[in-house]
Structures are given as C-alpha cells and as structure tokens.
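Comments concern the structure below.
The values are calculated or read from the model by the stated rules, or taken from the named source; none is laboratory data. Keep in mind it's a predicted model, so treat the numbers as computed, not measured. No Cβ is skipped: glycine too gets one built from the backbone with ideal geometry, and neighbour counts run over all protein chains shown. Quick note on the areas: whole protein, heavy atoms, side chains included, nothing else; ligands and nucleic acids left out. Shrake-Rupley method; radii C 1.70, N 1.55, O 1.52, S 1.80 Å.
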Amino acid sequence: MSYSGAKHQRASARRTPPSRKRTPHRRFSSASELVTAVVADVRGDIFDLKGYAAVGMEGALLTPLKAKDVIETPHGGELMLLPDRIPLLYNLASGRIEAISENPYDPGTPLFPVAAFNSPGYVISHNSAYQETPGAVMLPLFSYGAAGWRRGAFHSAVIPVDDEPRQDLRFMKTEDVVRGVKHLRKALPGNRLRAHLEHCALTYGCPAGKNFFLGRYEAPLPSSQNCNARCLGCLSLQAEGRVHHSQERIAFTPTPEEIADVALYHIQRVKAAVVSFGQGCEGDPLLAASVIAPAVRRIRSRTSEGTINVNTNASLPDALAQLIAAGIDSMRVSMNSFRKPCYEAYFRPRGYRFEDVLASIDLAIARGVHVAINYLNCPGFTDTPEEMAALSDFLTRHPIHFVQWRNLNFDPLRYLGVMNEAAAHSRPAGMAEAVAAVRRRFPGVGHGYFNPPKERFHLS
Ligand code: SF4
C-alpha cells in the first residue's frame, strides 16, 4: 500500500454540485459514524481530507460510507489515484455530497479521487465515487473500490467471501519464487510451458504462476491462443486499443506432453492440488480442446490425484464434452450477467450464443462435473433487482455448485453505461444483499473466490 502522511489543515475547498442525481441524505448525528474521505494531490500523495466523509458509488446511487460499511483495507490491497476525475465527497458542514475539484491545501491545484484495488477474496460493495472531467480517458483494467480513513488506517468498502491465503503475498516471497524457477528449470528443462510460466511469475507477477514455482495450491496451464468472445475487459487482448491489456496472450500452443508434465509435477508435490486451464494470458481453452483433451488423458493415466479445472466461457458444448470424457473434474464459467442482452453486451460473442453457454453448464452438471460461476461483479449493476432476479432464476434452472464473487476489472462508469444501454435497471439493493439473497435461497451453493479442490467440492 503506497501513500504518504496526511496534511492536517482545514481550508475552503472549491465545491460544485455533482453532475449525477444524488440521494437526499439525512444529516449524520456525529461525524464519528462516518469514514473520512481520502483523496490525492497532483504529486500523487494520498491523504485524508478532514471535514469530508468518503462516498460509495453504486451506479447513480451515492452513499456516505459509515463505519459498518468498511473494514481495514486487507493486506495486499493497493490504492490508486484516478486521473481525469473529480472526487465526490460528503461535506460534513453542509450535509451534502459535493464534487471537490480543488486541493484545499494547495489552492489552484486539482484534487483526485482515490480507489482501492483490493486483494483476492473481498467483494467490492461500493465503487469509489467520482465524476469524469471532459475528455477523460478510460481507466485501466482494475476494479475501483471505495476507500476511506478511520482510526489511523485505510479502510475499504468490501465483503469478505474467501479467507484462503492462496494469493496472499505474505506467503509468496520473490526470493522463494526465484528459487522455485531455478529448480523447475532443472526438473523440466525443455518445457516451453514451464518457461512461459516463468515470464508470468517474474514479469507479470501472476499469483497463479508464482504458486506453481512455490508448489502451492493451484497451478496455471495456459494453452489457448484463440477466443470466440471479445470481452470488454479481456486481460489478454484489447483489439480496439481503448485500454491496454494487462498481459500478452500466449504465443504458442503447448503440446499435450508439455501440459501434462507441468500439471503432474504440481500434483505430485502439492496436497489437494488444483491445475487450471483458462488463465488471464490466454484465449479460451475450449478452442484448444485438441491438445487439452489428450493432455488430461495423459495426466489421468498417471494419477487420480489433484483437481483438473477448466476456466472457460463455456461457449462450445461439443468441445467441452471432449474434455469431460478425458477426465476434467471441474469447470468455472465466466459470466457478468444472466440476462442475454447484458451478457452479449460484455462478452460480444462470435459464433456462439448465450444458450450455448447454458447448454454447456447443463451438460457438465449432468456429467457430474463440479460447476462454478466466475461472477464478474460491479456495484450498481450486479445488485440491481433485475440482475438479482436473473441470477436467482438461473440458479433455479441450472443447479450449479459454487459462486466465485469476482470484482470486475473494468472502468465502472463505462461499464454501467454499456449495461444501462443493454437493459433497464432500478435502484440497487446493495452487494451485501445480493450475496445474502443467494445464501438464503440456495443454501446448497458454495461461495468463495478460488477454484476449490475436489476435496472441498459442493456436489449436492
Ligand atoms: S473469454 Fe477470456 S480470453 Fe476470451 S475474450 Fe473473454 S476474457 Fe478474453
């Protein structure tokens, strides 16, 4: 977490009413129940702004954050300054939400919003509240959670959903990763996939790549160069160039032998190991079924240990059938919405339909595969009554086993703009209620963030 100390002087900030409808607020009896706003100055210094409370954004809904809405920012979280944007803050004196464009401690210079990119296992309940300035460029592929200051520490508006330390950086020391890389170079010398994962672990800092070299939890098996979707937030390919992708897509197709050797090495040294196709640095695994199916057969011919998982857009039921026949144990399907117009507006499918995804899910359930949803969340959309009803209807018709609540790494205002064009939305119920509603109605469904090993499957 990078920041420098707060400057504790009070000055009159330039105030303008926010450009969006704001919820009329009751005045708060005491500022102590509110979380102090954090902002950034032109040098990138992040500080708490006395006299103002942090505000959470759920689409058009702006809410001053109270102590009960936040927890201390979990280890590994990062704070980010948002350029071309003005923070929306709650003015304790006026009892109003205002856009504060000028730095009261440095008049004439701008003030910037701050957002938290929280560590895995924490669902954002509110986005950072801001308004764009004219000509603002799109934000890079991160999630932008609301943050504030309280009792001497940064706090985040998040809901914990998974406490497994699978990607906890305190257990992933660089020197240990480097030692693992040297070890694996000797163990799998000519293996191109092993070499590719070195790049992922050491250059991109990919936690899954690091865990392979550390011999922990889940190892990645990127194998596919192609995809039949064009997700707005694709991490490995951004053809329109509006925003930069986070990592390069794998530039070769590993052989079944290379894949199996990496997987077997991990399974043989990790208890309750998971190995996963469908990583951020590749296309969709179903488009590489011709190498993945023989690789899975090769793994299963050597061991019944470990969990073979496929992260996928589930677009091709026939290709999936090949992988199921080969012996995969689980499948995780990425979905931003369970309503066709909103799904298509984000995934922009080419050559497949929303119904094909549902058919793949039904096939996998029928064949005894553990099925999880990689639910890409955004407050102000995911927690609207329309989306919550669609999720509930989906879970009733397609009894999957696990929901992975994942913060969508995409510019929230731009995303909501696209989703509001695709369908109508009413007042959000709150992400906490969205999660709680699933727990209440579908007690047999598991919740979390990570792909569970088969030892912890929720097969009901
Ligand atoms: S399904 Fe995956 S690889 Fe394909 S466009 Fe979407 S994020 Fe990218």
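Checking the condition buried (at least 24 other Cβ atoms within 10 Å of the Cβ), of a type outside the set (Val, Ile, Thr) and closer than 30 Å to Lys454 by Cα, which residue from Asn374, Asn336 passes? Exactly one residue qualifies, and that residue is Asn336.
Conditions (1) of a type in the set (D, E, K, R); (2) under 29 Å from His75 (Cα atoms); (3) touching a strand residue (DSSP E or B) at 6+ places or on another chain (Cβ under 6 Å), marked per residue:
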| site | (1), (2), (3) |
| --- | --- |
| Arg185 | yes, no, no |
| Ala201 | no, yes, no |
| Ala219 | no, yes, yes |
| Cys234 | no, yes, no |
| Gln247 | no, yes, no |
| Asp261 | yes, no, no |
| Val274 | no, yes, yes |
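Residues that are open to solvent by 10 Å² or more (accessible area, probe 1.4 Å), within 30 Å of Ala201 (Cβ to Cβ) and among the aromatic types (Phe, Trp, Tyr) are absent from segment 143-152 altogether. Here the condition is being without any contact (Cβ under 8 Å) to a residue 60 or more places away in the chain, surrounded by 22 or more Cβ atoms within 10 Å (Cβ to Cβ) and in contact with a strand residue (DSSP E or B) (Cβ under 8 Å, 6 or more places away or on another chain); of Ala115, Ala129, it holds for Ala115 alone.
None of Ala273, Ala289 is modelled with pLDDT of 95 or more and either within 15 Å of Ile250 (Cα to Cα) or within 16 Å of the ligand (Cβ to nearest atom) (or both) except Ala289.
Every test in (1) within 16 Å of the ligand (Cβ to nearest atom); (2) in contact with a Gly (Cβ under 8 Å, 6 or more places away or on another chain); (3) not acidic (Asp, Glu); (4) not in a helix (DSSP H, G or I) is passed by Ile308 save one, and that test is (1). Of the residues making up segment 406-449, just one is in contact with a Pro (Cβ under 6 Å, 6 or more places away or on another chain), crowded, with 19+ Cβ neighbours inside 10 Å and in a loop (DSSP other than H, G, I, E, B), namely Tyr449. The number of residues in segment 343-367 being touching a residue at least 24 places away in the same chain (Cβ under 8 Å), open to solvent by 50 Å² or more (accessible area, probe 1.4 Å) and among the small types (Gly, Ala, Ser) comes to 1.
Every condition in (1) without any contact (Cβ under 8 Å) to a residue 12 or more places away in the chain; (2) away from the ligand (no atom under 16 Å from the Cβ) is met by Tyr265 except one, and the failing one is (1). The condition of being among the acidic types (Asp, Glu) and either at pLDDT below 95 or out of contact with any Ser or Thr (no Cβ under 9 Å at 6 or more places or on another chain) (or both) holds for only one of Asp383, Asp393, that being Asp393.
Here Val403 does not fit the description of being out of contact with any Pro (no Cβ under 8 Å at 6 or more places or on another chain), at pLDDT 95 or above, closer than 30 Å to Phe142 by Cβ and assigned to a helix (DSSP H, G or I).
Residue by residue, here is whether (1) touching a Leu at 6+ places or on another chain (Cβ under 7 Å); (2) open to solvent by 10 Å² or more (accessible area, probe 1.4 Å); (3) touching a residue at least 12 places away in the same chain (Cβ under 8 Å) holds:
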position	(1), (2), (3)
Met80	no, yes, yes
Leu88	yes, no, yes
Ile97	yes, no, yes
Tyr105	no, yes, yes
Pro110	no, yes, yes
Ser119	no, yes, yes
Ile124	no, no, yes
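Going by what's in this entry, would Asn409 be described as in contact with a helix residue (DSSP H, G or I) (Cβ under 8 Å, 6 or more places away or on another chain) and of a type outside the set (Asp, Glu)? No.
Taking segment 290-318 as the range and being open to solvent by 10 Å² or more (accessible area, probe 1.4 Å), within 24 Å of Cys227 (Cα to Cα) and either among the basic types (Lys, Arg) or free of Cβ contacts under 8 Å to residues at least 60 places away in the same chain (or both) as the test, the residues that pass are Ser290, Pro294, Arg297, Pro317, Asp318. Hey, does segment 72-93 have a residue that's part of a loop (DSSP other than H, G, I, E, B), within 24 Å of the chain's Cα centre (by Cα) and of a type in the set (Asp, Glu)? Within segment 72-93, one or more residues are part of a loop (DSSP other than H, G, I, E, B), within 24 Å of the chain's Cα centre (by Cα) and of a type in the set (Asp, Glu). For the criterion of being within 16 Å of the ligand (Cβ to nearest atom), under 18 Å from Leu376 (Cα atoms) and of a type outside the set (Lys, Arg), Tyr343 passes. Beta carbons closer than 8 Å, at least 6 apart along the sequence or on distinct chains, never pair a first residue in segment 431-456 that is in the same structural domain as Arg406 (by TED's automatic domain parsing) and without any contact (Cβ under 8 Å) to a residue 12 or more places away in the chain with a second that is of a type outside the set (Ser, Thr, Tyr) and in a helix (DSSP H, G or I). Taken over segment 198-251, residues that are open to solvent by less than 10 Å² (accessible area, probe 1.4 Å), more than 14 Å from the ligand (Cβ to nearest atom) and part of a loop (DSSP other than H, G, I, E, B) amount to 1.
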